[in-house]
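Below you'll find the structure, written out as structure tokens, and then a few comments.
Read the figures in this text as sums done on the coordinates, not as results from a lab. Since we're looking at a predicted model, the values are computed, not measured. Cβ coordinates were reconstructed from backbone atoms using ideal geometry, including for glycine residues, and neighbour counts include every protein chain displayed.
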Amino acid sequence: MNFNYSQCQTTEDGSYLIPDEVFTIPQKQSRVEQSSELIDSWLQYRSAVASSINSEASFSIGLPGTFSFSINGKYSSESKRVKTHQVRDGAVTTRVQVRNLLYSVQSTPGFSLDPRFQDQAYKIAEALENNQTRLAGFLSESLVLNYGTHVLTTVHAGASLVQEDFLKSSVLSGSQDNSDSSSSSRSISVSAGLHFFDVVNVGFGTKSGASSSTQDSASQQYVGNITYSVTESHGGALFYPGITLQKWQESIANNLVAIDRSGLPLPAVFNQQSLLGLSEPTIRKLVLAVTQAIKTYYQVNTVPGCVKVESPNFNFHANVDDGSCQATVTNFTFGGVFQDCMALTTDSQDLCHKLEQKNPLTGAYSCPEQYNAVKLQTDIKEQGYSTYECHQECKTTFWFFESCKQVCGDIYRVRKARFNAYWCVATQKQAPSLSGYLFGGLYTSASPNPLTKSQSCPAGFVELKLFDGMKVCVSNDYEMQAGKSVPFGGFFSCHTGNPLSVESEGEDKEKGEVSAQKCPKGFSQHLAGMSDGCQIMYCVRSGEFTEGQLPEIHLPPFIRKPLISNAMTNTIMIMSEGNLSWVKDSKTKLWKIAQPGDFHLMSQLFNPRKESLSPDA
């Protein structure tokens, strides 16, 4: 939204200056909400200050064979705190809130866009119109990085005090039937409220009689079961123990914050009114491009797995239940990986040398007997380089004299190589024992090996190259290295399924594309890396690699940035063999596709007379 204050618009009571394209709905009556709730599963947790957008505005992505889901808010600091304490401490959570809502702030329909946001949208549209798909994808994912997945249209302004207590789950274990469970939950919620009012001085009167004695006993039992507690103030005066509710409320007017918010997915703001000059077909393409960028962002940060703590297959990192809690683990064998490469330009042999990987089990780009090759992904590696070259530019004068001058510039070239990444799966569910590799994890320059907590393989394992910069750790020393390995359940990608996920023996495992993009039962998926916007996943036994902290969110862009850039101010030409050639306009300094009229310059630059080249070029 474009924030402009040219109309000097204020709230109805004149207390606050507000942007031109929003309006406020003041609360005409004093309204202070108090609530207490019991949250026995971190999956049910919603942010205290973003509950509406966590619940309503989401992209539902279907896992094969499961229901749709949303991971909104799962990577927030509050959600990670609740999950960590509930799992590590075996706790349940109570939350008590006091909320004071003063204004509801809403955007006007059809609001104008911020010029910087609008400019990025136009650049995506321009790339789409020029069929620059990779650039459009990169810019779309950059837009999501800069502006998020949703645009806020309603904000509730006020302040809130929130206290979260984490109690030993044994406080609920004594209640078996539904009636006892409901009664216990109500009792815990009441005790949570009393504990909150002990921390925040509300000014209750003195309790008396049996009721007071019963409440004191329940409160003492409640406090005795607390393993962790946190109290936060959102807006109003900074919280400190002993602060009175009255003092906090008096400070709200000068310390307003958003205590709830809701909105729409980002592509909803793209239309011909907000982006003047774009055609309807281009708008549709823009919406699809940004929607795909948002979908990829959600998919990359989705971790399916078993979310039931009591299950032996529990995956601490999982944020979506994939139905694997009851599954038993099958021992699979791993036939290694290999990667072939083909040069797409005459100068890309060095690229292929760095990308090629033979399978040590065969000494070739192949799988051992009783194993089939499954292609994970085909990708193109590009590398730009420039050379400074000079040539003589001559013209004939009126008297037929030749006048020459030396013209120099950077010639930018792009070397390219195409590589195919494969892994080897056994043709039978149970391959001969000791016939394949032990799996010792994998790592990239950005992600350490979960087994070693570093960019390395366990001692005694060798690393095999896969994709651009990934290292897979393997060993065939079953006697000495078995204890350092983890059960392996295959690879899959955004293009290729995992043959090990096929339960029926009659399925053809050689064709990975017919298999589901998931792990076998009893295994959990982990992100190996991204290959030009495509997720590469690998599977290990559920429960492995889930120690330590919860993973951080993966931020876009996931697509590689195109090599051609306006930042190359001294470069005058880009040559890309087998593709388009580009020249820089001498006046605008912007890149354009070379036209027939530019070929004379190209021939001079790349086929100059040998005697006219500077010896120092």
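Each peptide in 117-124, 138-145, 47-54 gets a packing score, the mean of other Cβ atoms within 10 Å over its residues, and the list from highest to lowest is 138-145, 47-54, 117-124. For segment 359-423, the Cβ-based charge dipole about the Cα centre amounts to some 100 debye (Lys, Arg positive; Asp, Glu negative; other atoms uncharged). Remark: the D89-V486 segment gains 140.3 nm on full extension, using 0.36 nm per residue and subtracting the alpha carbon distance.
Pairs over the 32 Å Cα-Cα cut-off, from the set K354/K518; K381/K521; K295/K471; K83/K354: K381/K521; K83/K354. If the segment from Q292 to Q406 were pulled out straight at 0.36 nm per residue, it would be longer than the present Cα-Cα gap by 36.1 nm.
Remark: spin-label model distance Q299-T108 equals 4.0 nm, labels positioned 7 Å along the Cα→Cβ axis. Label-to-label distance for T10 and S169 is 5.5 nm, based on points extended 7 Å past Cα in the beta-carbon direction.
Between K123 and K453, the modelled labels are 4.0 nm apart [label points 7 Å from Cα along Cα→Cβ].
Given axes a ≥ b ≥ c from the Cα gyration tensor, I'd like to know whether segment 73-172 is rounded (a/c under 1.5), prolate (a/b larger than b/c) or oblate. Note, shape of segment 73-172 comes out oblate. Working ranking of peptides 457-467, 343-353 by packing, defined as the average number of other Cβ atoms within 10 Å per residue, highest first, is 457-467, 343-353. Look at the Cα gyration tensor of segment 213-356: its axes a ≥ b ≥ c give a/c of at least 1.5 with a/b at or below b/c, and that counts as oblate. Here the peptides 302-309, 365-372, 269-276 are ranked by packing, the mean other Cβ count within 10 Å, and the order with the highest first is 302-309, 365-372, 269-276.
To the nearest 0.05, how large is the calculated FRET efficiency for E356 and C394 if R₀ is 51 Å and r is the Cβ-Cβ distance?
E(calc), rounded to 0.05, equals 0.65.
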